[in-house]
Amino acid sequence: MTENQGARPPQRPLPGAYRPAHHEPGAARHARAADSHWRRAQQNPGQFYPFEQHDGYDNRDPGHGYPGEDLLSHARPPRRRGGFRRLAPWIAVVGILVLLIPLAIGGYYAYSVYQNKYHPPDYSGPGTGHVVVQVTSGDTPTSLAPRLQRLGVVASTRAFILAAEHSSNPNGLLPGFFGMHRHMNAALAYALLVNPKNLVQVPLTIPEGLRNSQVVALLGARSVIAASAYATVLKDPALLHLPGYAGGNPEGYLFPATYEVVPHETALAVLTGMVQRFRQEAAAAGLPGAASQVHLTAGQVIIMASLVQAEGGRISDYAKIARVIDNRLALGMPLQLDSTVLFGLNAYGILATDQQLASDSPYNTYRHTGLPPGPIDNPGNAAIQAVLHPASGPWLYFVTVNPRTRETLFTSSYAQFQQLRQELARNLGQG
């Protein structure tokens, strides 16, 4: 070897050439390869030396790794940067909303409470249309306000209550019926209800066939007078100026009709007016004289008319029912009317039970012959006329076989009567 020759760099083995079985430790080998690569790059700048293959290193060799492999294999994986920074503004917005929403809701609620208490919804004018409002005895602005709101008279209960509190007569509500308007200013509405000049008469209809107890309940519900006040008057019938043939019994003499309830009218005045109406209608029917033409007293006419009214289905059948009652009375047969049994026991229904039929009430026409001791309801003109002018026929029995349509069938045969009773039971779902 000459001086100029120098030492040759180690030869890279040819592909497929024999490699010694001995290998340096991985870390040392990698370090030596990296150092050799750096020296060559310094000696020959600008020349590219693939790091993959030099000094016995070949990344295709499964027995070799890349420099720093042992260190990097245990390194923490790279962490993505910027994720939290991107979410941070949104997290802040959500946090602010979480704080602000409850505050907004609470503020709105507080504002609503304040407005409703001190500035509740109210209409601005006298209103339009017409509605009748009933003020009962004992009503206060607080109890009346919800009814006025439901009827559309005032915009809110609070507005009406405030109007009463600010009025010069805060406890001046008058019992009675008042003609009012819808969409009224609360102050105007309250002023109307404390002025007696605004009381109005209200039509009140008493239908035929009601018992006195039912009439009292209806009057109490539809007028400004309590039902108990009417009941008290009925306990002293001498005050009512009943006809003499009533025998002091007001049952049957509160004539069913439509009445005008006058403001400030008393229970006695209302009931006396109904008895007076009966006397007028009875006189128009020819009572008491006409009763003798059918061999009855005037009192018996009213009793029988009350039976016809209670048992009758259709008005066209009333005269036939009156004839059945006449025929049975003439033969001395018990009337056997369930309506009388139920009245005597203060019960209601269509058919009396076996236990009710066994009662010893004087109104039990299954056990006692003849007419009951008094009327069982308040009959109308049609029933009274049917008794005074009964139909002609041999019937001894009748059954309203269909309570819904009020179809009533008549017969003189007891066997057929039993069949009709069975038909009624089927229609009532009992057979």
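The values are calculated or read from the model by the stated rules, or taken from the named source; none is laboratory data. Keep in mind it's a predicted model, so treat the numbers as computed, not measured. As a convention, Cβ positions derive from the backbone with ideal geometry for all residues, glycine included, and neighbour counts pool all protein chains shown.
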**Study point:** Evaluation of Arg277 against (1) in the same structural domain as Leu242 (by TED's automatic domain parsing); (2) of a type in the set (D, E, K, R); (3) closer than 23 Å to Thr400 by Cβ (one fails), failing number
**Key:** (3)
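This table checks each residue for (1) assigned to a helix (DSSP H, G or I); (2) outside the structural domain of Asp377 (by TED's automatic domain parsing); (3) not charged (D, E, K, R).
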| position | (1), (2), (3) |
| --- | --- |
| Phe255 | no, yes, yes |
| Gly299 | yes, no, yes |
| Ile302 | yes, no, yes |
| Ser306 | yes, no, yes |
| Gly313 | no, no, yes |
| Tyr318 | yes, no, yes |
| Ala322 | yes, no, yes |
| Asp326 | yes, no, no |
Check your understanding: Mind checking which pairs have a first residue in segment 292-308 that is under 20 Å from Pro334 (Cβ atoms) and surrounded by 20 or more Cβ atoms within 10 Å (Cβ to Cβ) and a second that is polar (S, T, N, Q) and at pLDDT 95 or above, Cβ under 8 Å, 6 or more apart or different chains?
Key -> Ser306/Asn378; Leu307/Ser339; Leu307/Thr340
Exercise for review: Working only within segment 126-158, note down all residues that are assigned to a loop (DSSP other than H, G, I, E, B) and surrounded by 12 or more Cβ atoms within 10 Å (Cβ to Cβ).
Suggested key: Pro126, Gly127, Thr136, Ser137, Asp139, Thr140, Leu151, Gly152, Val153, Val154, Ala155, Ser156
Review point. Among the helices (runs of 4 or more DSSP H) contained in segment 341-431, which hold 2 or more residues that are without any contact (Cβ under 8 Å) to a residue 60 or more places away in the chain and outside the structural domain of Gly244 (by TED's automatic domain parsing)?
Key: 354-357, 414-427
Review point. Looking at this structure, is Thr400 among the polar types (S, T, N, Q), buried (at least 20 other Cβ atoms within 10 Å of the Cβ), touching a strand residue (DSSP E or B) at 6+ places or on another chain (Cβ under 9 Å) and over 27 Å from Ala282 (Cα atoms)?
Key: yes
Check your understanding: Only one of these conditions is not met by Ala283: (1) in contact with a Ser or Thr (Cβ under 9 Å, 6 or more places away or on another chain); (2) under 22 Å from Ile303 (Cα atoms). Which number is it?
Key -> (1)
Check your understanding: If only one of Gly380, Gly349 is under 27 Å from Pro288 (Cβ atoms) and either touching a helix residue (DSSP H, G or I) at 6+ places or on another chain (Cβ under 6 Å) or small (Gly, Ala, Ser) (or both), which one is it?
Key -> Gly380
Practice item. Taking the residues in segment 235-264 that are in contact (Cβ under 8 Å) with a residue 12 or more places away in the chain and acidic (Asp, Glu) as candidates, determine which candidate is nearest to Gly374 (Cα to Cα). Key: Glu251
Check your understanding: Which one is farthest from Leu151 (Cα to Cα), of the residues in segment 182-216 that are small (Gly, Ala, Ser) and surrounded by 15 or more Cβ atoms within 10 Å (Cβ to Cβ)?
Key -> Gly209
Exercise for review: Those residues that are over 21 Å from Phe410 (Cβ atoms) and either of a type in the set (D, E, K, R) or assigned to a helix (DSSP H, G or I) (or both), I need them from segment 284-297; list them, please.
Suggested key: Ala284, Gly289, Ala290, Ala291, Ser292, Gln293
